[in-house]
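Undergrad: Input: one structure, supplied below.
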2 protein chains.
Amino acid sequence: MKRTSIELADGRELIYFDERDDAVRDEIDRRDLPPRPVAGELRYDPLVDEWVAIAAHRQTRTFLPATSDCPLCPSTVDRSTEIPAFDYDVVVFENRFPSFNHHLPAEPLVAPTPLSPLRPAAGRCEVVCFTPDHNASFAALPHDRVRTVMAALADRTAELSALPEIEHVFPFENRGEEIGVTLSHPHGQIYGYPFVPSRTRAMLAAARRYADETGGVLGSAVLAAEQEAKVRVVGGNDHWTAYVPAAARWPFEVHVVPHRHVLDLTGLTDAEVAAFAPVYLDVLRRCDGLFGAPLPYIAAWHQAPVRHPDRALSYLHLQLTSVRRAAGKLKYLAGSESAMGAFINDVRPERAAAMLREVTL
Amino acid sequence: MKRTSIELADGRELIYFDERDDAVRDEIDRRDLPPRPVAGELRYDPLVDEWVAIAAHRQTRTFLPATSDCPLCPSTVDRSTEIPAFDYDVVVFENRFPSFNHHLPAEPLVAPTPLSPLRPAAGRCEVVCFTPDHNASFAALPHDRVRTVMAALADRTAELSALPEIEHVFPFENRGEEIGVTLSHPHGQIYGYPFVPSRTRAMLAAARRYADETGGVLGSAVLAAEQEAKVRVVGGNDHWTAYVPAAARWPFEVHVVPHRHVLDLTGLTDAEVAAFAPVYLDVLRRCDGLFGAPLPYIAAWHQAPVRHPDRALSYLHLQLTSVRRAAGKLKYLAGSESAMGAFINDVRPERAAAMLREVTL
């Protein structure tokens with residue numbers, strides 16, 4: 001694999017991850033781009049002890065452009081996109097409309113109230129393009145490309161973790177207009193947060209309690225329990241198991257979990273990376289087969305936070321969730337979920353697992 | 001006000017709250033209804049220490065029926081609905097497709113894994129109809145009707161709090177197909193949870209920390225800070241203030257907060273109840289004026305949990321949130337919010353408050 005870092009016209013970094021070691025990436029971005037926005041604000045919500053990012057500049061972000069205006073397709077002789085090259089394998093670049101940004105504002109920020117301190121929404125948001133084909137999908141990638149994506153995500157996890165302002169690195173893919181995707185070209189993203197997000201905090205707190213009570217690693221115990229129960233397992237091999245969790249909160253939710261206790265993507269062995277592609281692609285293809293249409297989903301890599309004292313209790317896994325609950329019907333987060341955090345799942349996890357296993361590929 | 005409790009054909013309770021003390025409610029529900037479902041399962045998610053309700057029977061619930069089939073309209077001589085009477089002021093009845101239910105299953109439940117204990121999803125789900133007019137909205141109610149709704153919610157809070165299985169009472173209104181409302185007739189709901197939901201737990205934990213550090217009540221301090229800052233206040237009177245919180249996580253979010261430290265709806269004085277209607281209706285009408293169309297929203301009453309040791313640190317308030325971020329654009333909960341609990345808000349709270357204040361009514 002060859003890694004080539006370049007600078008876009010407005011100073012953002014773009015990195016090519018090429019499968020051919022002799023790839024030459026010398027195209028120059030000659031667009032006339034406006035200056036990058038400065039970082040927005042992070043405000044503290046005292047009622048629930050969480051940080052909220054205020055990113056007003058994102059209101060003007062690109063919204064469902066025509067395919068001919070797609071910023072994630074390779075450039076052509078007639079049109080310059082975010083990617084200067086005429087073709088690519090995997091490309092990662094800084095988001096033009098970032099929620100978190102290391103371009104800090106010059107003026108000092110004023111707290112909205114003494115109970116709501118604020119700070120710049122420092123950090124980094126990156127876009128991960130994994131296919132030049134506008135109409136492809138992650139599920140359609142060849143195994144080698146998945147390996148290249150994993151290498152790129154590990155590279156980014158290592159680099160972002162080294163930045164002093166970043167406390168957590170979160171690679172994910174949003175797929176489908178049903179969950180608000182504003183660019184139809186398939187792509188993933190990476191958020192480098194300047195705080196530990198609340199789900200990560202909840203997972204760490206649960207892992208800490210479990211360790212105190214048993215001396216064990218919660219992630220290992222949950223995996224072992226699902227392997228033992230079998231009924232919710234939908235796939236796997238020597239290195240990974242994919243299962244619908246016993247207390248799934250989404251109609252379709254699959255966790256893809258490495259057998260070895262690994263903290264983040266940089267900790268996977270080559271064999272584990274190679275073994276991930278067949279398991280994950282099989283899950284994705286089953287998902288698309290459920291209702292005979294591309295399933296809208298969020299695929300979220302849960303990694304260890306960068307510097308948290310309980311970092312070693314984290315357990316790397318991918319959480320795939322879908323809002324589709326039946327053909328033509330979506331699960332919405334209404335009062336109970338959205339205002340209270342109390343999830344109601346209309347599909348039994350055992351049923352969801354059986355449906356996924358029964359898909360004919 | 002007159003309160004009349006009756007039993008529907010399948011044994012569910014329905015309560016009329018009539019503004020006329022001489023209302024007679026002797027209509028009988030003669031429908032041939034299937035038996036009520038038994039309670040689903042509550043499963044423990046060990047990864048994040050939360051309970052998830054599995055309610056598979058809800059997959060068959062009524063989904064966007066034609067107006068002529070609306071189950072929340074009053075009955076007519078030709079058609080029997082959920083409400084036997086031919087007219088009503090406010091009616092509360094047990095949901096036919098409840099997420100929580102005191103009809104417990106006869107067979108013992110088997111835990112899916114040793115790490116995911118489960119129990120019946122005991123509790124109660126009620127529907128609150130506040131107008132017989134299918135095309136009305138809460139915002140269009142007269143002040144007296146709002147008072148009757150508040151009386152009904154206080155009545156239900158008291159009754160549900162007395163049930164041994166219920167730990168938290170949550171009145172709310174989901175409004176708009178954009179957030180998944182499946183019945184277009186305007187209505188609210190009440191969930192009686194058999195656990196303390198995670199947002200309530202987070203608010204209690206924050207209130208406990210604040211009390212330990214300062215000896216004060218967090219809710220009072222936040223209200224005072226917003227009144228002092230003024231810039232996010234959108235309305236109010238002697239008893240209530242409505243403001244966009246400093247760290248709002250939704251593009252449009254308004255908290256309507258009583259000036260006196262009250263734990264739940266049963267604790268409001270008559271004067272406070274009477275004073276709520278003008279403030280809340282003004283907020284709702286401003287919301288609908290933002291984009292010249294009914295704003296989709298979730299209106300959530302945050303009350304003290306029933307028996308929690310820190311119950312006295314709770315502070316009653318209504319949290320109104322909307323997913324609309326601009327005309328024709330919605331805020332979706334994608335990777336960062338949904339998988340991580342890290343909210344990105346594209347609208348500055350001060351701007352949202354100014355927009356609400358500037359609406360011409």
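Undergrad: Would you pick out the residues in segment B:220-239 that are surrounded by fewer than 23 Cβ atoms within 10 Å (Cβ to Cβ) and closer than 24 Å to B:Pro305 by Cα?
TA: B:Ser220, B:Ala221, B:Leu223, B:Ala224, B:His239
Undergrad: Give me the pairs, please: first residue somewhere in segment A:148-165 and more than 17 Å from A:Ala300 (Cβ to Cβ), second residue anywhere and polar (S, T, N, Q) and surrounded by fewer than 22 Cβ atoms within 10 Å (Cβ to Cβ), beta-carbon distance under 7 Å, and either six or more positions apart or on two chains.
TA: The qualifying pairs are A:Ala158/A:Thr266.
Undergrad: Test of understanding: among B:Arg43, B:Arg30, which residue is touching a residue at least 24 places away in the same chain (Cβ under 8 Å), in contact with a strand residue (DSSP E or B) (Cβ under 8 Å, 6 or more places away or on another chain) and among the basic types (Lys, Arg)?
TA: The conditions single out B:Arg43.
Undergrad: So, B:Asp288, is that one acidic (Asp, Glu) and closer than 12 Å to B:Thr200 by Cα or not? Give the derivation first.
TA: Numbers: acidic (Asp, Glu): yes; closer than 12 Å to B:Thr200 by Cα: no.
So B:Asp288 does not fit the description; no.
Undergrad: Of all residues in segment B:351-361, which are modelled with pLDDT under 95 and either facing chain A (nearest Cβ under 7 Å) or in contact with a helix residue (DSSP H, G or I) (Cβ under 6 Å, 6 or more places away or on another chain) (or both)?
TA: Listed by number, the list holds a single entry, B:Leu361.
Undergrad: For segment B:267-294, which positions are touching an Asp or Glu at 6+ places or on another chain (Cβ under 6 Å) and either in the same structural domain as B:Ser137 (by TED's automatic domain parsing) or surrounded by 20 or more Cβ atoms within 10 Å (Cβ to Cβ) (or both)?
TA: To start, the set of residues in segment B:267-294 that are touching an Asp or Glu at 6+ places or on another chain (Cβ under 6 Å) comprises B:294.
Matches in segment B:267-294: none.
Undergrad: Check segment B:190-199 and report whether any residue there is within 26 Å of B:Gly11 (Cα to Cα), at pLDDT 95 or above and hydrophobic (A, V, I, L, M, F, W, C).
TA: Yes: one or more hits.
Undergrad: Can you tell me which of (1) over 24 Å from B:Phe170 (Cβ atoms); (2) crowded, with 23+ Cβ neighbours inside 10 Å is the one B:Glu358 doesn't meet?
TA: Every listed condition holds for B:Glu358 apart from (2).
Undergrad: Among all residue pairs at least 6 apart or on different chains, which show Cβ distances below 7 Å where the first residue, located in segment A:109-128, is at pLDDT 95 or above and the second is basic (Lys, Arg)?
TA: From segment A:109-128, the pairs are A:Glu126/A:Arg156.
Undergrad: Quick check on segment A:141-160: of everything there that is in contact with a Ser or Thr (Cβ under 8 Å, 6 or more places away or on another chain) and small (Gly, Ala, Ser), which residue is nearest to A:Val181 (Cα to Cα)?
TA: Among residues in segment A:141-160 that are in contact with a Ser or Thr (Cβ under 8 Å, 6 or more places away or on another chain) and small (Gly, Ala, Ser), the one nearest to A:Val181 (Cα to Cα) is A:Ala154.
Undergrad: Of a type in the set (D, E, K, R) and either more than 9 Å from every other protein chain (Cβ to nearest Cβ) or surrounded by fewer than 20 Cβ atoms within 10 Å (Cβ to Cβ) (or both): does that describe B:Arg348?
TA: Spelling it out, it is not the case that B:Arg348 is of a type in the set (D, E, K, R) and either more than 9 Å from every other protein chain (Cβ to nearest Cβ) or surrounded by fewer than 20 Cβ atoms within 10 Å (Cβ to Cβ) (or both).
Undergrad: Here is a follow-up. Any residue that is more than 30 Å from B:Ala299 (Cα to Cα) and out of contact with any Cys (no Cβ under 7 Å at 6 or more places or on another chain) - is there at least one of those in segment A:325-340?
TA: So the first thing to find is which residues in segment A:325-340 are more than 30 Å from B:Ala299 (Cα to Cα), and the list is none.
Scanning segment A:325-340 turns up no residue that is more than 30 Å from B:Ala299 (Cα to Cα) and out of contact with any Cys (no Cβ under 7 Å at 6 or more places or on another chain).
Undergrad: Can you tell me which condition A:Pro98 does not meet? The list is (1) modelled with pLDDT of 95 or more; (2) in contact with a Lys or Arg (Cβ under 9 Å, 6 or more places away or on another chain), and all the others hold.
TA: Against the list (1) modelled with pLDDT of 95 or more; (2) in contact with a Lys or Arg (Cβ under 9 Å, 6 or more places away or on another chain), A:Pro98 comes up short only on (1).
Undergrad: Just the residues that are touching a residue at least 40 places away in the same chain (Cβ under 8 Å), at the interface with chain B (Cβ under 9 Å from one of its Cβ atoms) and within 19 Å of the chain's Cα centre (by Cα), please, taken from segment A:189-225.
TA: A:Gln189, A:Tyr191, A:Tyr193, A:Phe195, A:Ser198, A:Arg199, A:Thr200, A:Met203
Undergrad: Please count how many residues of segment A:46-69 are within 21 Å of the chain's Cα centre (by Cα) and touching a residue at least 12 places away in the same chain (Cβ under 8 Å).
TA: Total satisfying the criteria: 10.
The values are calculated or read from the model by the stated rules, or taken from the named source; none is laboratory data. From a predicted model like this one, the values you see are computed outputs, not experimental measurements. For neighbour counting, all protein chains shown are included, and Cβ atoms are generated from backbone atoms with ideal geometry for every residue, glycine included.
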